[in-house]
Amino acid sequence: MLTPMQMGRKELYDSLPFTATFGLQKQERKLSQAFASYAADLDMLANSANEDGFIQMEDVAPQPKPGSEEEARWKKTQHKVMDELEIEAGVLTPSLMMAVLIAVLVMFLSGYNTGVMNAPAAVVFPGHSIGIWSLAVSAFAVGGPIGSGVAGSLVESLGRRNALLLNMWTFFFGGMILSLAPDMYTIIVARFFIGVASGSATVLVPIYLGELAPPTLRGTLGTMTQFATVIGILASALLAFPFGTPDPGWRYLFAVTPVVSLMQIACGSFLLESPRWILSRDPQSLKARSIIKKLRGLRFDYEVETEVELFLSAAAVQDNEAENNGSAVVQMFQDLRVRHLAVAAVLLQMAQQLCGINAVFYYSTAFFEGIIDNPLVGTTTICAVNVVATYVALLLMDSCGRRVLILWSSGGMLISVIVIVLALLGYMPNVVALIAVNVYVSFFEIGLGPIPWLIVAEMFDAKYVATAMSLSSQVNWTCNFIVGLVFPYLDEYLQ
């Protein structure tokens, strides 16, 4: 029969995902070894606890006598364990900060190229048809699923750092082709390659940041990917004011992509390889230990070895998940326990794109023509609201819960769309349409924007999470392509 302490421990482990319990068990073993005699006393007291599981404080074993050798040994062990706990907490060292900033610039470029085609539609090779322009816009989403599909194998075979550098070179060459394009067909090809780079970025950057960041900074650094994306969209709108003009103006707008990617490549020496990836191939690697010392700001060898143990444990969990993935999508849908979760994940990704949010980011400038004097002002306002709403979403995410935010997000977007339609039909002033679009974007960012990505990792266990993420990404990019291709025809029909 389990003691109350053991039962409480079991309930805690059962309620957490495998990767979390692994770390807790590891830390529990460290503390138990450090305070073995006191842990034994507590276990003995737990066995004699009352039925409610309470222990009287006066029953706890006394601490060592002041000045004794036992007290000295106890304090030495306590300090070592606290040092190890501080190592796990982690700090934002200069090496970690530089690696993170260089990596998240990839997501900035992904966001920038999401919005960069919005403003110059009327000045890039004037006279093109709606079909050609919509194909140029949506070619970005054609390359996306291809990039996300190959990124998984590249990140394992080449390593995190080299895969990111290859991604930067793809952005560079795609951006150069785009800015020097002689015709619309070349622009379509360039957008496809940039889409491949953006799709792979959605896989590479989260993996890289998750492996470099210490546990206490992982959530904070993880949110930087979303911020970098929305800031990239905002930057494309702001730069459209000086550069959204006839040739050569629009070429400068497109040239931002190769310039930023070239800056990243030039700073490639600061882009450290993931110690987890190195240690998974060579547990005795001195290079991995040197990188860990830089990332964590460590001074002593025992601190480095403690961190090495944590990386090796995480790598073992990751390898176990990869082995358990089996026949991927088919196996996931055959498993009755997770089939409904898989359906929910797919439907959420479809809802995220088919709600039309990327129609706003792709074509808002054209949408605001005739509604306000300068359509770029409307587009920039939307992008700025998008950044603010993303920050608000981060504050609400844990306090309100996923389901509540999804419901509020969907309801708010529905009401906003109704108001937009009424304004476009002339039942309300044009300024109401501008306000309603901004409200629509705000409600999107507090729910349907971030949650479909977060909830997949939370719903699935280690066996299926990678497969579910891959499937969700494919569905998302496919629906993104449909929206980008179809919306101009719908807009023309409604007018």
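The values are calculated or read from the model by the stated rules, or taken from the named source; none is laboratory data. Everything numeric in this text was worked out from a predicted model, so none of it was measured. Because the Cβ atoms are built from the backbone with ideal geometry, glycine has one as well, and the counts that use them run over all protein chains shown.
The set of residues from region 374-404 being more than 16 Å from ALA359 (Cα to Cα), of a type in the set (S, T, N, Q) and crowded, with 18+ Cβ neighbours inside 10 Å comprises just one member, THR390. Whenever a residue of region 280-296 is modelled with pLDDT of 75 or more, its partners that are of a type in the set (Ser, Thr, Tyr), lying with C-beta atoms within less than 6 angstrom and at least six residues away or across chains, give the pairs LYS294/SER95.
Checking every residue in region 101-111 against the condition of being over 18 Å from the mean Cα position of the chain (by Cα) and either assigned to a helix (DSSP H, G or I) or hydroxyl-bearing (Ser, Thr, Tyr) (or both) gives zero matches. The set of residues from region 331-349 being over 17 Å from PHE443 (Cα atoms) and either under 22 Å from the mean Cα position of the chain (by Cα) or not assigned by TED's automatic domain parsing to the domain that holds PHE443 (or both) comprises LEU341, ALA342, VAL343, ALA344, ALA345, VAL346, LEU347.
The residues of region 271-280 that are in a helix (DSSP H, G or I) and either loosely packed, with under 15 Cβ neighbours inside 10 Å or small (Gly, Ala, Ser) (or both) amount to a single one, SER280. Filtering region 244-261 to residues that are outside any helix (DSSP H, G or I) and either touching a residue at least 24 places away in the same chain (Cβ under 8 Å) or in contact with a Phe, Trp or Tyr (Cβ under 9 Å, 6 or more places away or on another chain) (or both) leaves GLY244, THR245, PRO246, ASP247.
Would it be correct to say that GLY484 is modelled with pLDDT under 85, assigned to a helix (DSSP H, G or I) and in contact with a Leu (Cβ under 7 Å, 6 or more places away or on another chain)? For GLY484, the condition - modelled with pLDDT under 85, assigned to a helix (DSSP H, G or I) and in contact with a Leu (Cβ under 7 Å, 6 or more places away or on another chain) - is not met. Taking (1) more than 25 Å from ALA197 (Cβ to Cβ); (2) in a loop (DSSP other than H, G, I, E, B); (3) in contact with a Ser or Thr (Cβ under 8 Å, 6 or more places away or on another chain) in turn, GLY449 satisfies each apart from (1).
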